[in-house]
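Chemist: Got a structure here, written out as structure tokens. Questions coming.
The values are calculated or read from the model by the stated rules, or taken from the named source; none is laboratory data. Small disclaimer: the values here were computed from a predicted structure and weren't measured. Note that we place each Cβ from the backbone using ideal geometry, even for glycine, and neighbour counts take in every protein chain shown. Note: areas computed on protein heavy atoms with side chains; ligands, DNA, RNA excluded. Shrake-Rupley method; radii C 1.70, N 1.55, O 1.52, S 1.80 Å.
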Amino acid sequence: MTIRAFNELYLNDAQTNLANAFDYAINTCNLLSDDFAGIFSRSDYVKKFECGDPAVISGKSGVELVKAILSKVNIVEGFPEPQFNQERSPEYWAGWALAYYQWYSAKRFKDIFARIPLSQIILMYKVFHEMDIMAFVESMEKRYNEVEIETKLRSLREARGLSQKELSNISGVKLRSIQLFEQKVNDIDKAQAHTLYKLARVLGCAIEDLLENPEQIL
């Protein structure tokens, strides 16, 4: 059973704010959708949003959230005024629907975007914007589970320029264990805490960044 991070009472605020954030960032600030998705998913605010921090999902508007995120990476100078449009854009809908899916599935935004880029989610507007939200959720789950990506351990290891043997030597984790984790023969989500700690320390990441399904554990 999926344990959701915050009460459904706050869900409408989360959906509205992410909808306005995506619409403002993409249509007013003229950022590419996948670029902003990457900035958002790497920001300090993403975990607060995922956990339902009231200061983020209710205390800030979508526009304020974008300004706070972009100010830290110096992407936009002199933020344009938000423009009200009575007809909701596909980007607005994508934020609204995605906030629901993230809450419902308890997946991290960075894991969602790794499998289904925001640009693809926006294209789903034509089919799903007039349908019940659960139709969108079911389609997202199907797409998410169908995408075969390399393990996070392998991605992080290769990004650091390390071979499996080098990682084993530096971390003290057995070479065979690393190979089995990367081949998905052994489930890294069930690895002992000290094994994950050794790998994370060498790779310069959080332990949760090594897990394939952190939402089911953390």
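Chemist: Convex hull volume of the Cα atoms in region 100-218, per residue, in Å³?
Modeler: Taking the convex hull of the Cα positions in region 100-218, it is 103 Å³ per residue.
Chemist: With unit charges on the beta carbon (Lys/Arg positive, Asp/Glu negative), name the residue among Tyr45, Phe6, Leu180 whose Cα is farthest towards the positive pole of the charge dipole of the chain.
Modeler: Final value for the positive-end residue is Leu180.
Chemist: How do Lys48, Lys72 rank by accessible surface area computed with a 1.4 Å probe, from largest to smallest?
Modeler: Largest accessible area first, the residues go Lys72, Lys48.
Chemist: Ok, one more. Quick one: Karplus J couplings for region 120-133, per residue in order, coefficients 6.51, -1.76, 1.60, θ = phi - 60°, nearest Hz, x for Gly and Pro?
Modeler: Whole-Hz 3J(HN,Hα) from phi for region 120-133: 6, 5, 4, 5, 6, 3, 4, 8, 10, 5, 9, 9, 4, 4.
Chemist: Related question: Once you list every other residue whose beta carbon is under 15 Å from the beta carbon of Gly204, what net charge do they have if Lys and Arg are +1 and Asp and Glu are -1?
Modeler: In short, +2.
Chemist: Okay, next question. How large is log10 of I(q)/I(0) for the chain at q = 0.09, 0.13 Å⁻¹ when the intensity is taken from the Debye formula with one equal scatterer per alpha-carbon?
Modeler: -0.41, -0.80
Chemist: Lys174: which aspartates and glutamates have alpha carbons under 14 Å from its alpha carbon, excluding same-chain residues fewer than 8 sequence positions away?
Modeler: Glu166, Glu182
Chemist: Using only the alpha-carbon atoms, how far is helix 33-42 inclined from the longest principal axis of the chain? Give it as 0 to 90 degrees, nearest 10.
Modeler: Tilt of helix 33-42: around 60 degrees.
Chemist: Using only helices, what value at 222 nm comes out for the chain when you add -39,500 (n - 2.57) per DSSP H run of length 4 or more and divide by the total residues, to the nearest 500 deg cm²/dmol?
Modeler: Helix contribution divided over all residues of the chain: -16000 deg cm²/dmol.
Chemist: I need the Debye-formula profile for region 21-96: one equal scatterer per C-alpha, no solvent, reported as log10 I(q)/I(0) at q = 0.22, 0.23 1/Å, two decimals.
Modeler: Values returned for q = 0.22, 0.23 Å⁻¹ are -1.07, -1.16.
Chemist: If R₀ is 25 angstrom, what is the calculated FRET efficiency for the pair Glu166 and Arg42, using the beta carbon separation as r and rounding to 0.05?
Modeler: Efficiency at R0 = 25 Å is approximately 0.45.
Chemist: Next up: For each pair in Lys72/Lys165; Lys67/Lys198; Lys60/Lys126; Lys47/Lys165; Lys165/Lys198; Lys67/Lys126, compute the distance between the two Cα atoms and list the pairs where it is over 26 Å.
Modeler: Exceeds cut-off: Lys72/Lys165; Lys67/Lys198; Lys60/Lys126; Lys47/Lys165; Lys67/Lys126.
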